[in-house]
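A.B. asks: This is the structure, below, for whatever I ask next.
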């Protein structure tokens, strides 16, 4: 493939026959014929049986790619595993608008995860907390002895933080061990360190360690993405103002913010699943971070620049790995990372945050202009047509008529199908 053609800016990608879409991704990502064939095959049951218990089969989701993404001056085609209509198309369109003014830029903090040790039954809480901090070096050394490979890679336990919390059980001490997990999600490494520290901390304090486990509120592992959305492409400054009016409700009202942030996770979860990461951990961390100040609010922020263009930003914790877990076992997850062309967890988090911002922009843009249903129902109409029994070319015919009539309903789809036949 010529370098000039290696771009994620693809006009009418969704209109291409599936074979042509596959061929484009194959060339863009240098996939072999054998690798491409993996996407059309079901997961090997022996692999599935090693991943979880009581396996009886596999459950597939559609795998698509979002196009037009330009992040930190590099083009990406982004794999997304999702069942929801309009998500991929919306993200691709948002990326196309952001691309006009340079695409997405990101900032990423160090990949530090938090492990928690809950200390109970301490008579002198302040004295116990001091003893823990006085022995910080010994505790960190012990933690790092648990994972020599991680330390050799430049990671490892970095710090200890001690918190004293009031509870119905009385005061308790919660110690945070801060661990740089490099390119891993980090749960196994952090949990192992927590368990290793428990006996020493009990001996130091004469207390009892109860919980010793990773926290999914990974607020020391933050990712920020930013983009400028061209006002003319959006439809003018009045549309930008309408967008900001819509966004403002999410910034002040948790009822709107919950739906607003769900739209962000529509995109983020799809990439997380496609790359074999833990979307439940990402979800819990994101929503907890949205409520970090005691009030649930938007994960994104928007404002106008001096020229009237819309500036969007997102900040959230992303505990993402490219080594360990399903990321290394699942064959399709490995190939999705190859399509992305990423080599570090940091780069993957940059892509994920940018996708989340694009997804949010697309949803609020639709809500503040044509309404969310127009695009969504246009795509959903095909699902309804299939549910009604349409096949082949019938699907498009039934779906088109449903949209034109504005009645995307199963009973009407069955009537239209009877008329066609």
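The values are calculated or read from the model by the stated rules, or taken from the named source; none is laboratory data. A quick note: this is a predicted structure, and the numbers were derived from the prediction, not measured. Cβ atoms come from the backbone with ideal geometry, glycine included; neighbour counts cover every protein chain shown.
A.B. asks: Do you know which residues across region 79-130 are in contact with a helix residue (DSSP H, G or I) (Cβ under 6 Å, 6 or more places away or on another chain), in a helix (DSSP H, G or I) and over 30 Å from residue 364 (Cα atoms)?
C.D. replies: Residue satisfying the conditions is 128 alone.
A.B. asks: Going by the structure shown, is residue 20 part of a helix (DSSP H, G or I), exposed (fewer than 15 other Cβ atoms within 10 Å of the Cβ) and in the same structural domain as residue 278 (by TED's automatic domain parsing)?
C.D. replies: So residue 20 passes the test.
A.B. asks: Which residues, taken from region 161-195, are surrounded by fewer than 20 Cβ atoms within 10 Å (Cβ to Cβ) and either in a loop (DSSP other than H, G, I, E, B) or not assigned by TED's automatic domain parsing to the domain that holds residue 210 (or both)?
C.D. replies: Matches in region 161-195: 166, 167, 168, 169, 170, 171.
A.B. asks: Sort out which residues of region 45-57 are free of Cβ contacts under 8 Å to residues at least 24 places away in the same chain and either surrounded by 10 or more Cβ atoms within 10 Å (Cβ to Cβ) or touching a strand residue (DSSP E or B) at 6+ places or on another chain (Cβ under 9 Å) (or both), and write them in order of number.
C.D. replies: Within region 45-57, 45, 48, 49, 55 qualify.
A.B. asks: Another question about this same structure. Looking only at region 112-132, which residues are in contact with a strand residue (DSSP E or B) (Cβ under 6 Å, 6 or more places away or on another chain) and either without any contact (Cβ under 8 Å) to a residue 40 or more places away in the chain or under 30 Å from residue 75 (Cα atoms) (or both)?
C.D. replies: Within region 112-132, 112, 113 meet the criteria.
A.B. asks: What's the number of the condition residue 320 fails, among (1) touching a helix residue (DSSP H, G or I) at 6+ places or on another chain (Cβ under 7 Å); (2) without any contact (Cβ under 8 Å) to a residue 60 or more places away in the chain?
C.D. replies: Looking at each condition in turn, residue 320 falls short on (2).
A.B. asks: Give the residue, chosen from 263, 276, that is on the phi > 0 side of the Ramachandran plot and either in contact with a strand residue (DSSP E or B) (Cβ under 6 Å, 6 or more places away or on another chain) or in the same structural domain as residue 352 (by TED's automatic domain parsing) (or both).
C.D. replies: Among 263, 276, only 276 is on the phi > 0 side of the Ramachandran plot and either in contact with a strand residue (DSSP E or B) (Cβ under 6 Å, 6 or more places away or on another chain) or in the same structural domain as residue 352 (by TED's automatic domain parsing) (or both).
A.B. asks: Would you please list the contacts, defined by Cβ atoms under 8 Å and residues six or more apart or on different chains, that run from a residue in region 141-167 that is at positive phi to a residue that is in a helix (DSSP H, G or I) and surrounded by 15 or more Cβ atoms within 10 Å (Cβ to Cβ)?
C.D. replies: Filtered contacts from region 141-167: 156/143; 156/144; 156/150.
A.B. asks: Looking only at residues that are surrounded by fewer than 23 Cβ atoms within 10 Å (Cβ to Cβ) and touching a strand residue (DSSP E or B) at 6+ places or on another chain (Cβ under 9 Å) in region 308-332, which one is farthest from residue 180 (Cα to Cα)?
C.D. replies: Here the answer is 309.
A.B. asks: Right, next: Given the conditions (1) at pLDDT below 95; (2) out of contact with any helix residue (DSSP H, G or I) (no Cβ under 6 Å at 6 or more places or on another chain); (3) under 30 Å from residue 263 (Cβ atoms); (4) part of a loop (DSSP other than H, G, I, E, B), report the number of the one that residue 58 does not fulfil.
C.D. replies: Of everything listed in (1) at pLDDT below 95; (2) out of contact with any helix residue (DSSP H, G or I) (no Cβ under 6 Å at 6 or more places or on another chain); (3) under 30 Å from residue 263 (Cβ atoms); (4) part of a loop (DSSP other than H, G, I, E, B), residue 58 misses just condition (2).
Yes or no, residue by residue, for (1) buried (at least 17 other Cβ atoms within 10 Å of the Cβ); (2) closer than 30 Å to residue 71 by Cα; (3) not assigned by TED's automatic domain parsing to the domain that holds residue 285:
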| residue | (1), (2), (3) |
| --- | --- |
| 126 | no, no, yes |
| 132 | yes, no, yes |
| 150 | yes, yes, yes |
| 159 | no, no, yes |
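A.B. asks: Okay, next question. Out of all the residues in region 196-236, which are touching a helix residue (DSSP H, G or I) at 6+ places or on another chain (Cβ under 8 Å), assigned to a helix (DSSP H, G or I) and outside the structural domain of residue 176 (by TED's automatic domain parsing)?
C.D. replies: 231, 233, 234
A.B. asks: Pairs, please: C-beta under 8 Å, at least 6 apart or cross-chain, first residue closer than 15 Å to residue 131 by Cα and in region 168-179, second at pLDDT below 95 and exposed (fewer than 15 other Cβ atoms within 10 Å of the Cβ)?
C.D. replies: Going by the 8 Å Cβ cut-off, there are no qualifying pairs.
To keep it simple, each residue is scored yes or no on (1) assigned to a helix (DSSP H, G or I); (2) surrounded by fewer than 17 Cβ atoms within 10 Å (Cβ to Cβ); (3) out of contact with any strand residue (DSSP E or B) (no Cβ under 7 Å at 6 or more places or on another chain).
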{"position": "238", "(1), (2), (3)": "yes, yes, yes"}
{"position": "243", "(1), (2), (3)": "yes, no, no"}
{"position": "248", "(1), (2), (3)": "yes, yes, yes"}
{"position": "258", "(1), (2), (3)": "yes, yes, yes"}
{"position": "271", "(1), (2), (3)": "yes, no, no"}
{"position": "280", "(1), (2), (3)": "yes, yes, yes"}
{"position": "283", "(1), (2), (3)": "yes, no, yes"}
{"position": "286", "(1), (2), (3)": "yes, no, no"}
{"position": "292", "(1), (2), (3)": "no, yes, yes"}
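A.B. asks: Would you please list the contacts, defined by Cβ atoms under 9 Å and residues six or more apart or on different chains, that run from a residue in region 304-317 that is free of Cβ contacts under 8 Å to residues at least 24 places away in the same chain to a residue that is loosely packed, with under 15 Cβ neighbours inside 10 Å and assigned to a loop (DSSP other than H, G, I, E, B)?
C.D. replies: Pairs found: none.
A.B. asks: Looking at the structure I just gave you, is residue 220 over 13 Å from the mean Cα position of the chain (by Cα) and at pLDDT 95 or above?
C.D. replies: In short, yes.
A.B. asks: What do you reckon, is residue 388 modelled with pLDDT of 85 or more and more than 23 Å from residue 257 (Cβ to Cβ)? If you could, list the steps in order and put the result at the bottom.
C.D. replies: Values: modelled with pLDDT of 85 or more: yes; more than 23 Å from residue 257 (Cβ to Cβ): yes.
So residue 388 fits the description; yes.
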